[in-house]
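Here, each number is a calculation from the coordinates, and none is a lab measurement. It should be emphasised that the depicted structure is a prediction, and the values quoted were computed from it without experimental measurement. Here the Cβ is made from the backbone with ideal geometry for all residues, glycine too, and neighbour counts use every protein chain on show.
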Amino acid sequence: MPATRPAHAEMELRNRCTRWLNGHRPLRSMRESLLALAELPEAAQALDVYGEGEAMQALEAQVAELLGKPAARFFHKGVAAQLAALRVHCGDGDGPVALHPQSHIAVDEAEAFEKLMGLRGLRIGRVDHAPNIEDLMAEPEHPAVVVVELPLRRGGFLLPSWEDLTLISGWCRQVGVPLHVDAARLWEAAAHYGRPLAEIAALADSVYVSFYKGLGGLAGSVLVGSENFIAATAPWQTRLAGNVYTLYPMVLSALDGLRRRLPHMGAWRERARTLAAQLVAEPGWQVAPAPPQTNSFQLHLPAAPGRLREALLDVARQRGFWLGARAVASHRIEGGAMVEVVIGEAADDWTDDEALAAWRAAVAQAGG
C-alpha cells in the first residue's frame with residue numbers, strides 16, 4: 001500500500017466532522033458519490049462518447065439558454081476551456097491578452113496561456129481592486145482580447161460595478177476587441193448584480209462557467225459564445241487533451257448542481273453577509289470585501305498562518321466543526337493569516353453564533 005499522505009489524513013478528519021463551514025456537505029466516499037449520481041433521472045441515459053451524448057448535449061443547451069448564447073461546449077477542465085477561448089480570440093498572433101494581475105488565468109494556471117499557447121499577457125489593474133475602464137484605457141498597447149474575472153477570487157471575490165462592466169464591454173465593442181469573461185463563479189456573482197445571467201453574459205463575446213465550485217459538481221465546465229466561435233474551439237479541445245472518451249459523472253453532477261443549488265445563490269450571499277458582519281465586529285478581525293459581494297469572502301485574523309492551521313485542525317478534532325485547513329499570510333494584518341469563507345448548503349447545519357464561537361476558539365488557541 002502507498003504511504004498515507006498528510007492530505008489523506010486531513011480528508012479523513014474532514015469526513016469525521018458533523019458540520020462544515022465552507023461549501024456543501026461532503027460526500028464521504030466514492031461509493032456515496034456514485035450512488036447519489038445513479039439516482040438522477042439522467043443516469044438512465046447512455047454514456048457520452050467523445051463529447052456526444054444526450055445528457056451532455058442537454059447540459060450544453062441548458063447553459064447556453066441560461067447565458068443567452070447560441071452555442072456551448074463542455075470541457076473537462078476550465079484551464080482547457082479558457083486556453084481554447086484565448087487561442088481562438090487571438091488567432092495566429094501572440095495576443096496580447098489584457099487581464100488582471102490577480103486573475104485566475106495569470107496566477108492559478110501556471111501561466112499556461114503564455115508558456116503553452118505562446119500568448120503574451122498585459123497585466124492591467126490594481127491589486128485588490130476590481131478592474132475598471134480607467135485601467136483598460138490607461139494601457140497604451142492595444143490588446144487582442146480582454147479578460148474579466150467575475151468575481152476576482154484572489155482579490156477577495158471582488159466584482160466590478162455594473163457601470164464599469166458595461167463600460168468595459170462598450171469599449172471592447174467600439175474598438176473591435178473581443179471580451180472574454182472568466183465566470184467560474186458567475187452563478188454566485190449574479191445575485192450581486194440582481195440581473196439575469198443572460199443579461200450579464202450579453203456583455204461578453206465568450207463566457208466560461210464552472211460546475212465544481214458553487215454548484216458542487218465533481219468537475220467540468222462549459223464555454224459559451226457564437227456558433228462559429230464554439231466550433232473553432234473544437235480542435236483546440238482535442239489538442240489540449242480535453243476530448244475525453246466519456247465524462248458522464250461530471251455531466252450528471254453538473255445537471256444536479258444547476259437543478260438543486262443554483263436557486264439558492266442569493267440566499268447564500270445574504271447568509272455570508274450576516275456572518276461577515278459578526279466576524280468583523282471582533283477586535284482585530286477584518287473581512288474583505290466588507291460587506292461581501294457574493295457568498296464568499298476573505299477573513300483576516302491576528303494569528304500566524306501555521307499556528308492557525310493547527311488550531312483549525314484541533315477545532316475539527318474536538319468540536320467536529322470543519323472550518324478549513326488552509327491559512328495563508330495576510331496582507332492586511334502584519335504577521336496575521338487569511339482564510340476564505342464560502343457559504344453553501346452546509347451552512348444550514350450551524351448558526352452564525354456557533355461559527356463565531358468556533359473561530360474564536362481557533363484564534364485563541366493560535367495565540368491571536
Sequence gap at least 6, Cα distance under 8 Å: using those rules, report the relative contact order of region 169-263 to the nearest whole percent.
25 percent
Between G23 and residues 5 or more places away or on another chain, the pairs with built amide H atoms under 5 Å apart involve V342, I343, G344
Loop-located GluC sites (Glu not before Pro) in region 252-337 whose Cβ has at most 12 other Cβ within 10 Å (DSSP):
E334
How far apart, in nm, are the 7 Å Cα→Cβ label points at A44 and A110?
4.3 nm
Could you order the peptides 234-246, 203-215, 30-42 from most to least packed, using the average number of other C-beta atoms within 10 Å per residue?
203-215, 234-246, 30-42
In terms of Cα to Cα distance under 19 Å, which lysines are near enough to K213, apart from those fewer than 8 places away along the same chain?
K77
Mean separation of Cα contacts under 8 Å, 6 or more apart, over the residue count of the chain: relative contact order %:
22 percent
Scan region 119-205 for trypsin sites (Lys or Arg not before Pro) in coil per DSSP, keeping those whose Cβ has at most 11 other Cβ atoms within 10 Å, and list them by number.
none
Taking the dipole about the Cα centre of the chain, with the C-beta of Lys and Arg at +1 and of Asp and Glu at -1, give me whichever of V244, S330, A80 is farthest to the positive side.
S330
Under 14 Å Cα-Cα from K115, which aspartates and glutamates qualify once same-chain neighbours fewer than 8 residues away are excluded?
D94
Whether the chain is rounded, prolate or oblate, judged on the alpha carbon gyration tensor where a/c under 1.5 counts as rounded
oblate
Gain in length, R123 to V328, computed as 0.36 nm per residue apart minus the alpha-carbon separation, to one decimal in nm?
71.5 nm
Using the number of other C-beta atoms within 10 angstrom as an exposure proxy, rank H104, H180 with the fewest first.
H104, H180
The ³J(HN,Hα) series, computed from each phi in region 279-285 with the Karplus coefficients 6.51, -1.76 and 1.60 at θ = phi - 60°, rounded to the nearest Hz and given as x for glycine or proline, is 5, 6, 6, 6, x, x, 8
How charged is the neighbourhood of L165? Take every other residue with its Cβ under 12 Å from the Cβ of L165, and add Lys/Arg as +1 and Asp/Glu as -1.
-3
Cα gyration tensor of region 184-248, axes a ≥ b ≥ c as square roots of the eigenvalues: rounded (a/c below 1.5), prolate (a/b > b/c) or oblate?
oblate
Using +1 on the beta carbon of Lys and Arg, -1 on that of Asp and Glu, and nothing else charged, what's the dipole of region 31-260 about the Cα centre, debye to 20?
240 debye
Quick check: from the Cα gyration tensor, does region 52-175 come out rounded (a/c under 1.5), prolate or oblate?
prolate
How far is helix 54-67 tilted off the main Cα axis of the chain, in degrees rounded to 10, range 0 to 90?
90 degrees
Of A190, A46, A201, which has the largest mean-square fluctuation in a 10 Å C-alpha GNM of the chain?
A46
Net charge (Lys, Arg +1; Asp, Glu -1) of residues whose beta-carbon lies under 15 Å from that of E149, E149 excluded, is -1
Here FRET efficiency (C-beta to C-beta, A198 to H8, R₀ 35 Å, nearest 0.05) is 0.25
Could I get the Rg over Rh figure for region 297-360? Both from C-alpha atoms, Rh via Kirkwood, rounded to two places.
0.96
Amide H contacts under 5 Å for A303, placed H, 5+ residues apart:
A337
How much net charge surrounds T274 when only the other residues with a Cβ under 15 Å from the Cβ of T274 are counted, with Lys and Arg +1 and Asp and Glu -1?
-3
